[in-house]
Amino acid sequence: MKISIMQPTYLPWVGYFKMISESDLFIFLDDVQLEARSFQSRNKILVNKIPKLISVPINKKNKFDQLINQVEINYDRDWVTKHLRTIYLNYKNHPFFEEIYLMIKDVLVKNEIKLLDLNYLLIKKICCYLGIQTTFEFSSNFKIKEKKSEKILGLLKAAGGTKYLTPARTRDYLGNGELLKSNNIEVFFFNYNCKNYDQKNSKEFESHLSIIDLLFNLGKNSIKLL
């Protein structure tokens with residue numbers, strides 16, 4: 001079984017969904033500390049033809065060392081309307097605007113309490129739209145207490161993984177994956193470059209945007225670019 005393990009992010013980029021599509025099981029790493037200014041709560045879309053971040057506000061006051069699955073969304077200001085308005089103004093003339101916009105809106109207006117739940121619902125919805133049938137699980141359900149590479153090993157063994165697909169940047173703490181290899185787990189370092197597509201309203205092709213940019217342009221045909 002090939003497994004990927006990633007932190008859940010907000011409206012992830014195309015490469016994130018490529019990893020999901022190449023995995024038999026995708027584990028959301030939700031019981032680790034939230035990283036400050038990370039993509040767990042934000043991502044980039046085209047705004048006036050320029051990549052801009054849209055961010056989900058979270059409750060941070062007196063909440064230190066929060067795990068991802070503990071983080072709550074802050075609704076003190078109406079960020080949902082702002083995000084939807086920004087998306088509407090910048091993508092309303094795209095070929096697949098209506099179906100993608102309604103799909104995103106359907107999740108955002110639920111006003112989920114936890115950031116994890118918001119991200120998971122968006123990711124799952126997009127996977128269903130694209131026909132990606134990978135199984136999902138949460139790392140917290142396995143109750144692995146170890147850290148870093150030992151935690152990854154514990155998750156893979158608990159889930160029955162024999163192959164591990166991981167971003168190339170994880171070499172920083174995995175090395176060449178010797179710990180996993182010594183436990184009979186093959187390691188595949190994932191390198192991905194988004195293929196150019198007809199990106200409406202961009203000055204030049206931008207490759208590291210939220211997948212919704214691709215979806216607005218190509219709809220269900222987006223799966224062919226993964």
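Data overview
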{"item": "Volume per residue that the Cα convex hull of the chain spans, once the total is divided by residue count, Å³", "result": "121"}
{"item": "Whole-angstrom gap from segment 144-193 to segment 207-226, using each part's C-alpha centre", "result": "28"}
{"item": "Charge tally in the Cβ shell below 11 Å around residue 80, where Lys, Arg are +1 and Asp, Glu are -1, residue 80 excluded", "result": "+3"}
{"item": "Mean Cα-pair separation over length for segment 92-226, i.e. relative contact order, pairs under 8 Å, 6 or more apart, %", "result": "29"}
{"item": "Kirkwood hydrodynamic radius of segment 66-190, Cα pairs, Å", "result": "17.5"}
{"item": "Candidates 214, 174, 89, ranked by Gaussian network fluctuation over the chain, Cα under 10 Å, top entry", "result": "89"}
{"item": "Relative contact order %, the chain, counting alpha carbon pairs below 8 Å whose residues are six or more apart", "result": "31"}
{"item": "Fraction of beta bridges assigned by DSSP in the chain that are antiparallel (%, nearest 5)", "result": "40"}
{"item": "Over segment 19-64 - Rg/Rh using Cα atoms and the Kirkwood inverse-distance radius", "result": "1.08"}
{"item": "In sequence order, calculated HN-Hα J values of segment 199-208 (Karplus, 6.51, -1.76, 1.60; Hz; x Gly/Pro)", "result": "9, 5, 6, 10, 5, 8, 4, 10, 8, 10"}
{"item": "Dimensionless Rg/Rh of segment 165-226 - Kirkwood Rh, Rg from C-alpha atoms", "result": "1.17"}
{"item": "Degrees, to the nearest 10: 148-159 long Cα axis against longest axis of the chain", "result": "90"}
{"item": "Tilt relative to the chain, helix 97-108 - C-alpha long axis, 0 to 90 degrees, to 10", "result": "60"}
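None of the figures in this text is laboratory data; all of them are computed from the coordinates on show. No experiment lies behind these values; they were computed from the predicted model shown. Note: ideal-geometry Cβ built from the backbone for every residue, glycine included; neighbour counts use all protein chains shown.
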